[in-house]
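The values are calculated or read from the model by the stated rules, or taken from the named source; none is laboratory data. Source: prediction; values computed, not measured. As a convention, Cβ positions derive from the backbone with ideal geometry for all residues, glycine included, and neighbour counts pool all protein chains shown. All accessible areas refer to the heavy atoms of the entire protein, side chains included, with ligands and DNA or RNA removed. Shrake-Rupley method; radii C 1.70, N 1.55, O 1.52, S 1.80 Å.
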Amino acid sequence: MNIIETIQKNLGFDLLKKIDPNTQETQGDDTVMGNSAIAQAGIPAVLLGIYTKLEETPDIRLLETEKGNLLEIIFGKSAETVVQKVDDYSKFRDKHSTQQLEHIAAESVRVIKESLGGKTDENSIRKFVAKNKPDTLLYLPPSLELGTVLKNNNLDDRTGKMEGPVSSFIRNVEKAFNTTSNN
C-alpha cells in the first residue's frame, strides 16, 4: 500500500483517483466533490509540500510542532494560498477546511515517521522522498498549481503523471539517480 492510500484509509476518506495526464482530470466518469475533493487535493498537496521541505532540509524534526500549525511549517507564507486552492478545487466552502488540512498534515507526518522506522539520517530521508514523490504526483490535481506555489515547476509537469512501461522505466532510473549518495 502506498503512502497516499495509507493516509486516505487512516482518515476514512474515499479512495483517491489518479489524474489522467491527457485530460488533466481525475480518471473516471464521475467528478470528485466535497470531502472527497478536499482529500483528493489535500493529501497529495500536503505530502508534496512535506517532500519539498525534506528535499531542502532532510531533517524530520522540522515537522514537529506542538501548536497545530503544520501547514505554516510545511508551506510557509503560502499556507493560505494552498488552503484556498484546495477549497477552489473542492468547490466546497467550509470554514473548517484549514482544520481538515491540518489533520491531513498531522496524519501525513505520523505516517512518514512510521514509514521511516526511526531512520532519520539524511540519506534515508532522501531515499524515502525519492521513492514516494513520483507516486504522489499521480494524484495531484493540476488546477492546484502547486509547482507555482512551491516554486518547483516539476510538480506541475504532466509527464510526471504518465504511466506505462516507458514512463515506469524512466521513473525507476530517476529514483536510482535521486537516491545515490553524493559522497
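Structural remarks
- Residue selected from region 108-135 under the condition touching a Phe, Trp or Tyr at 6+ places or on another chain (Cβ under 8 Å) and within 15 Å of LYS53 (Cα to Cα), by the criterion surrounded by the most Cβ atoms within 10 Å (Cβ to Cβ): LYS133
- For region 67-86, a tally of residues being in contact (Cβ under 8 Å) with a residue 12 or more places away in the chain and crowded, with 18+ Cβ neighbours inside 10 Å returns 10.
- Check on ILE60, surrounded by 14 or more Cβ atoms within 10 Å (Cβ to Cβ), at negative phi, modelled with pLDDT of 95 or more and not charged (D, E, K, R): no
- Where PRO58 falls short, out of the listed (1) in a loop (DSSP other than H, G, I, E, B); (2) over 17 Å from the mean Cα position of the chain (by Cα): (2)
- Flag if LEU48 is in contact (Cβ under 8 Å) with a residue 12 or more places away in the chain, surrounded by 18 or more Cβ atoms within 10 Å (Cβ to Cβ) and touching a Ser or Thr at 6+ places or on another chain (Cβ under 8 Å): yes
- When region 87-107 is filtered for residues that are open to solvent by 80 Å² or more (accessible area, probe 1.4 Å), under 20 Å from GLY12 (Cβ atoms) and touching a helix residue (DSSP H, G or I) at 6+ places or on another chain (Cβ under 8 Å), only HIS103 remains.
- Unique residue being under 15 Å from the mean Cα position of the chain (by Cα) and in a helix (DSSP H, G or I) when the list is GLY76, GLY49: GLY49
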